Amino acid sequence: VQLQASGGGLVQAGGSLRLSCAASGRTFSSYHMGWFRQAPGKERELIVAMSWSGGITYYLDSVKGRFTISRDNAKNTVYLQMNSLKPEDTAVYYCAAARSRPTDWSKGYEYDYWGQGTQVTVSS
C-alpha cells in the first residue's frame, strides 16, 4: 500500500485547507486511518483518526471543532478538513494507515503505512 498526501500550503490564520491522502490497493476500506503532524523541534503527534468503518474517531483537543476527518472508500481517499487555522497548526502533516485496530491510536508504531508528508504553514 502506498499513501500519497496532498493539499498542504500557505494560508493565513483563520483560513482553511483540505488535505487528501490517496491510497493504492484494494483493501483501503479495511484500514484504520490517522493524520499526524510534526512541527519543527516537536515530536510527531496524532491529531485525528478514524476506524475503517468510521465508527471510532479521535481528535486532539486543540483541533476539536476545527478539523474533521472523513473518508471515501470508493476513491481510496481520506480527507482532513482544517478550518480556523492557527499559526500553531504549522507543521508537516502525515497520513497513516493501520491494518489492525490500534490499541493506542496515538502511537506511530501502530500504523503500517505512511504518506510522505505535506507542509502546512499558517501565517499570522
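The values are calculated or read from the model by the stated rules, or taken from the named source; none is laboratory data. What you are looking at is a predicted structure, and each value in this text was computed from that prediction instead of being measured. Counting neighbours? That spans all protein chains shown, and the Cβs are built from the backbone with ideal geometry, glycine included. The area values use the complete protein model at the heavy-atom level, side chains included, leaving out ligands, DNA and RNA. Shrake-Rupley method; radii C 1.70, N 1.55, O 1.52, S 1.80 Å.
A few remarks follow.
- On the stretch given as the range 46-67, residues that are modelled with pLDDT of 90 or more, of a type in the set (S, T, N, Q) and surrounded by fewer than 16 Cβ atoms within 10 Å (Cβ to Cβ) total 1.
- Test: Ser84 is in contact with a Phe, Trp or Tyr (Cβ under 6 Å, 6 or more places away or on another chain) and open to solvent by 50 Å² or more (accessible area, probe 1.4 Å): no
- When Ser62 is tested against (1) over 23 Å from Ser16 (Cβ atoms); (2) part of a helix (DSSP H, G or I), exactly one condition is not met: (1).
This table checks each residue for (1) touching a strand residue (DSSP E or B) at 6+ places or on another chain (Cβ under 8 Å); (2) assigned to a strand (DSSP E or B).
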residue: Arg26; (1), (2): no, no
residue: Gly34; (1), (2): yes, yes
residue: Gly55; (1), (2): no, no
residue: Tyr58; (1), (2): yes, yes
residue: Arg101; (1), (2): yes, no
residue: Val122; (1), (2): yes, yes
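- Scanning the range 47-78 for residues that are within 12 Å of the chain's Cα centre (by Cα) and over 17 Å from Arg99 (Cβ atoms) yields Ile47, Val48, Thr57, Tyr58, Tyr59, Leu60, Val63, Phe67, Thr68, Ile69, Ser70, Thr77.
- A Cβ distance below 6 Å, combined with a sequence gap of six or more or placement on separate chains, defines the contacts here; from the range 79-99, residues that are modelled with pLDDT of 95 or more reach residues that are assigned to a helix (DSSP H, G or I) and of a type outside the set (S, T, N, Q) in the pairs Ala98/Glu110.
- Residue in the range 6-15 that is hydroxyl-bearing (Ser, Thr, Tyr), surrounded by 12 or more Cβ atoms within 10 Å (Cβ to Cβ) and not in a strand (DSSP E or B) present: no
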